[in-house]
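Worksheet: one structure, shown below.
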Amino acid sequence: MNPHVDRKKYALQIILLALITITAFSNIMQNQFVWDDNNLITENSYVKDLRSIPYFFTAHYWNNSHPGSRGGYRPVFMATLALDYHIWGGKAFGFHLTSMLLHLANVILVFFLVTLLMKGSVPREWFCEAPFIAALLFAVHPVHVESVTYIKNRGDLLACVFFLIALIIFIRNIPRRGLRANAAAFSGSIFCLFIALLSKEIAVTLPLILLLYCAYALPARERLTAAFKTLPYFGATALYMIVKFPFLAGETISGRSQSIGVYSHALVVLKTFAYYLSIMISPINLNAERRIPVPKTFFAPGILWSFALFAAIIAIIMISRKRGKLFGFAL
C-alpha cells in the first residue's frame, strides 16, 4: 500500500477525532466553577499569583496551605491552574478550554499508541481502522466526562498525557534487531513519568505496564533486555514514593483507611473493580458522587462477583499469552 495514502488517511482520521472531541465537549465552555473548583481556584490566593508555583512543589504548601484534603502532592496540576488564572483571570471559560485541549491531546495519543501497538501484529485491513475506532471511543466515552468537565479533576488529564507520552517513547525505543536504544529518548520518557506522578499519583502504575509490555508484546529473545530498560522507571517511582509518603501522606494514610479497617478497605477496592468495569461497558446512571457501601465480609455478593470477574480476566490473559499477545497485554 502506498505510504503517502496511509499518511493522508491518518491525517484525516486525526482531524476527524479533533472535530468530534471538540464538538462533544464544546458545551462545557459555558460552565462555571463548581464544588471544589471554588476552593482550589476562586478562593485560593496562591493560584492567583504565578510566584506561588515554586511553593506548590513544597511539602509545606500541601500540608498547611492547600485548601483540599491533606496528604496529596500534585504540584504540576496546581501550576496549570495558576497559569490559567494568569491568562484568563477568574473566567471559567479558559480553565475549561485547557481541560478540553488536554483531553484532545489524550485522544490523539491514544490513536498513536494503538497504531504503534498494532503495527505488524494484525491484518492490514484492521491496522488503519482499529486505532481510529479505539481513539474515537476514548474521545466520547461518558465515563470521561467527569475528568474533562470538572476542573478539580484535571489531574487525571495531565497524568494521562504524560503517562501516554512516556509509554509511547518507551515502546518506540525498545531495541529491535540489534539497534541500540536511544538514551536521550528514555531520559525524556522518565522525565514524563515524573511529570505524570506530580500531576496525579495513579502514574505509579506505568513501570508495571512497561514490564507487562515486555513480557507480552515482545519476542522471547528480546524480553530480558527490554525488561532491564524498565528498571530506571521503577527507580524513579520508588524515589517519588520515598519522598512523598513519609512527609506528605500523614492524614491520607491515617484517615478513612484506618476508620474502616485495612481488611474492609481491601474489600472496597476489590468491589470497585467490578463496579468500574460495569460503568465502562454500560455507562448509565453516572454520578459524580458515587457511593459504594463498605462490605463486611468477603462472601458478600458484590465481592464474590468482583473476585470471580477478576479471576476470569486473569485466566483469559494467561490463555491468550500464547495465542494473542496483543490481546493479553491490552487486558
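The values are calculated or read from the model by the stated rules, or taken from the named source; none is laboratory data. Because the structure is predicted, anything quoted here is derived from the model rather than measured. Note that each Cβ is placed from the backbone with ideal geometry, even for glycine, and that neighbours are counted across all protein chains shown. Keep in mind that these areas ignore ligands, DNA and RNA; they rest on the heavy atoms of the full protein, side chains included. Shrake-Rupley method; radii C 1.70, N 1.55, O 1.52, S 1.80 Å.
A few notes on this one:
- Residue among E146, E129 that alone is closer than 23 Å to A196 by Cβ, charged (D, E, K, R) and surrounded by fewer than 19 Cβ atoms within 10 Å (Cβ to Cβ): E146
- Summed over segment 269-305, residues that are β-branched (V, I, T) and part of a helix (DSSP H, G or I) total 5.
- One residue stands out among those in segment 113-130 that are under 29 Å from V145 (Cβ atoms) and in contact with a Leu (Cβ under 8 Å, 6 or more places away or on another chain): the one that is modelled with the highest pLDDT, which is L113.
- Of all residues in segment 72-87, exactly one satisfies the criterion of being over 16 Å from N39 (Cβ atoms) and outside any helix (DSSP H, G or I), namely Y73.
- For segment 156-196, taking the residues that are over 18 Å from the mean Cα position of the chain (by Cα) and closer than 13 Å to Y213 by Cβ, the one that is modelled with the lowest pLDDT is identified as I174.
- Filtered residues of segment 81-100 (kept if open to solvent by 30 Å² or more (accessible area, probe 1.4 Å), of a type outside the set (A, V, I, L, M) and either within 22 Å of A196 (Cβ to Cβ) or out of contact with any Lys or Arg (no Cβ under 8 Å at 6 or more places or on another chain) (or both)): H86, W88, G90, K91, F93, T98
Listed here are the residues, each with its yes/no results for (1) touching an Asp or Glu at 6+ places or on another chain (Cβ under 6 Å); (2) under 20 Å from P142 (Cβ atoms); (3) open to solvent by 50 Å² or more (accessible area, probe 1.4 Å); (4) not in a helix (DSSP H, G or I).
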{"site": "K9", "(1), (2), (3), (4)": "no, no, yes, no"}
{"site": "I15", "(1), (2), (3), (4)": "no, no, yes, no"}
{"site": "F25", "(1), (2), (3), (4)": "no, yes, no, no"}
{"site": "Q32", "(1), (2), (3), (4)": "no, no, yes, yes"}
{"site": "N39", "(1), (2), (3), (4)": "no, no, yes, no"}
{"site": "S45", "(1), (2), (3), (4)": "no, no, yes, yes"}
{"site": "R51", "(1), (2), (3), (4)": "no, no, yes, no"}
{"site": "Y61", "(1), (2), (3), (4)": "no, no, no, no"}
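- One residue from K200, K244, K229 being surrounded by fewer than 19 Cβ atoms within 10 Å (Cβ to Cβ) and either touching a Cys at 6+ places or on another chain (Cβ under 9 Å) or among the basic types (K, R) (or both): K229
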